[in-house]
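What follows is a short report on a single structure.
Only the coordinates and a few stated rules stand behind these numbers; no lab work does. Because the structure is a prediction, the values reported are computed rather than measured. As a convention, Cβ positions derive from the backbone with ideal geometry for all residues, glycine included, and neighbour counts pool all protein chains shown.
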Amino acid sequence: MFANRISRTLHDEHCATIALMERLEGAITRRQPISTTDPASAQLLHDLASAIEADTLRHFDFEETELFTLFETVGDQLIGDHLTEEHGFMRPLGDRLARLARDAAANGFDAAGWKEFSRAGAEMVQRMVVHVQKEEMALLPLLDQALDAATEARLYQAYIGTTQRDDRPV
Amino acid sequence: MTAAGAFLGSARSRLLPASVPFRFFVAAAVFHVLLWLVLLVAAADFPRFRGGAGPALAAVHLLTLGVLTMTAIGAAVQLLPVATTRPLAAVWPIQLAFWLLLPGAVALIGGMLIADARLMIGGAVASTLGLLPFALLLADNLRRANSMPVVRAYGWAAMASLLVLVALGVALSVDADGGGLLADRSGAALAHMILGGFGFMGMLALGFSHVLIPMFALSNAPNRRIADVGFAAAAASVVLGVAGAGLGHRSLLIAACGVGAVAVAVHLRLMQVALATGMRKRLGLSFVLVRAAWASLALTPLLGVAVAQGWAGAGGPTLFGLVALGGWLMTFLFGILQRIAPFLASMHVSRASGGPPLLTEFGSETPLRIHAGCHLGALILLAAAIVLDSAPLAALAALIGLAGALAFAASILTIVQSLAAGRTRG
């Protein structure tokens, strides 16, 4: 397990994200649209929209503005560039999926809406799983080794601050 | 650059041209189809196969040299540099290896099929020359690596096994016409099988599992100390088994099974922990095959003891070979290959609509479902054919296996078409 709080926090968020992606994957493998009157399905749509709009985008922003810039200053641009490129593909996809989830939570799914949601969901699951794989195998171990205590404390406070400002569960 | 940057960088900068690993994968898919076809021809002899040139021996080598070795080389040359964060010294030796190994394997297996000693010797020599550049590149990469010590240990053990394996293989080919080169031909053949199945292929499969399974399951790397114990037991088991086969000592063979059982127990425990603690629980069709392979692996040492003690009946030795080579290694490699082939391809192509492709854009899962069902069904039927000494059951197994092999080849072909086009349809 990771020694510093930044790595641990990001790891915990990865766990929550993958658990959510697995719930989404379980739902979209059905041929029929999920019923939004079913409490579990309604909860999934709510959790999905909330997590993408708050946690995922905050997670991406923190990595890009704080972590990747830090690596760049010590001459390690490659990891940040690669992960930022993946964020770039997932941001608009996440926006679309969150919008579809909110619309469906309010109005339910028709056949076309379910098809669009399933496609966007399948793409999000695949991209997110591969992305988390890379961060778990490369980014978090690097953070664990590279951060001194003062930097770790500063970054942790900065990240926790954004969490508290958002006032949403991680 | 930091180690992590190097690791991510290695995913792209150390990426081999797609044609390098995929030529091995395509060859393996073709040999896979031929394997079941030849097994259909050998259905009458296979249930009581004890060695000797003919279609049954050809079928065994279509599996070991054709399917397993080709898949292992294609995967290892791409995965090892990423795992060790050290690039291969050069790409051309791998291309040379392929162009020596492919005709060598065809000649060797053809020679076995028609019982032509000269063709077998020529094929064995060409195959050896083909495996040599691979072994040298593997050794060079392992020598320069300073990460993933468990994977490196397994890699060294695999390479050492490969050297003795090919030496014994050439000797067996030269001795095929009863030239008297080998004092104990059946012992040498058993040592050759142990080195191939458990030494070379087994060590590679166990070693890469320490990277691949946690990566797929999104879990931490296996506990280092326990993994070291597993490696020591696995290596000791191979040494004991080869010594027992070479010296004709049944007690050593039984000891090899006992130590092998420890290695298997440790390995399966590590893998179980990786899956249980991993974030990813929905691991899909590939892990149906991987779990079936692990079940076969668990059976292997038990069956080995039964065979050595004479408790497994007349078909025991053949059944042991089927469970180890087919049930464990072939099933495991197909489970992994169906996962890494689209992943590797995704790094070489883009989507028609732009951006990196999705893995699902490399073809439908239907052929893979057909393959998995046929593969497992064929192996179960083949085991029943051996136990019952039934040629019709063996033929039916071969037909079902052939259907699965064609489905798997279709899936590889779809990926190759995307590679050739440079993009997916997404």
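Taking the inverse of the mean reciprocal distance over all distinct Cα pairs, the Kirkwood hydrodynamic radius of region B:330-404 comes to 14.2 Å. Taking every alpha-carbon pair within region B:26-177, the share separated by more than 28 Å comes to 23 percent.
Each of A:Ile34, A:Leu67, A:Met90 was scored by the projection of its Cα onto the charge dipole of chain A, and the greatest displacement toward the positive side belongs to A:Ile34; charges sit on the C-beta of Lys, Arg, Asp and Glu. Distance from the Cα centroid of region B:263-327 to that of region B:341-373 is 28 Å (rounded to whole angstrom).
Over region B:19-92, the fraction of Cα-Cα pairs per 5 Å bin, rounded to whole percents and listed from the shortest bin up, is 4, 17, 20, 17, 13, 10, 8, 6, 4, 1.
With Rh defined as the Kirkwood radius, the inverse of the mean 1/r over Cα pairs, the Rg/Rh of the protein assembly as shown is 1.00.
Highest average first, the peptides B:79-85, A:37-43 ordered by how many other beta carbon atoms sit within 10 Å of their residues are B:79-85, A:37-43.
For region B:3-424, the alpha carbon convex hull comes to 123 Å³ per residue, rounded to a whole number.
In peptide B:355-361, how many Cβ atoms from other protein chains are near each Cβ within 10 Å, on average?
Partner-chain Cβ atoms within 10 Å, mean over residues of B:355-361: 4.
Take each residue of peptide A:136-144, count the partner chain Cβ atoms within 10 Å of its Cβ, and average: the result is 5.
Of the peptides B:112-123, B:189-200, the ranking by mean beta-carbon count within 10 Å, highest at the top, reads B:189-200, B:112-123.
Measuring between their Cα centroids, region A:60-136 and region B:28-57 lie 49 Å from each other.
Across the alpha-carbon set of region A:54-118, the Rg to Rh ratio works out to 1.20, Rh being the Kirkwood radius. About its Cα centre, region A:4-62 has a charge dipole of approximately 120 debye under the convention of +1 per Lys or Arg Cβ and -1 per Asp or Glu Cβ, with nothing else charged.
For the protein assembly as shown, what is the calculated [θ] at 222 nm in deg cm²/dmol (nearest 500), taking -39500 (n - 2.57) for each run of four or more DSSP H residues and dividing by its residue count?
The helix contribution divided over the protein assembly as shown gives -25000 deg cm²/dmol.
Region B:287-426 has equivalent-ellipsoid semi-axes of 37, 15, 9 Å, by the square roots of 5 times the alpha carbon gyration tensor eigenvalues, sorted largest first. Charges were assigned to the Cβ only: +1 to each Lys and Arg, -1 to each Asp and Glu. The resulting dipole of region B:3-424 about its Cα centre is roughly 1260 debye. Beyond 25 Å, what share of the Cα-Cα pairs of region A:5-166 is found? Please give it as a whole percent. When every Cα pair of region A:5-166 is considered, 35 percent fall beyond 25 Å. The mean number of Cβ atoms from other chains found within 10 Å of a Cβ in peptide B:217-223 is 2, as a whole number.
Highest-first packing order for the peptide set A:45-51, B:390-396 is A:45-51, B:390-396, based on the mean count of other beta carbon atoms within 10 Å.
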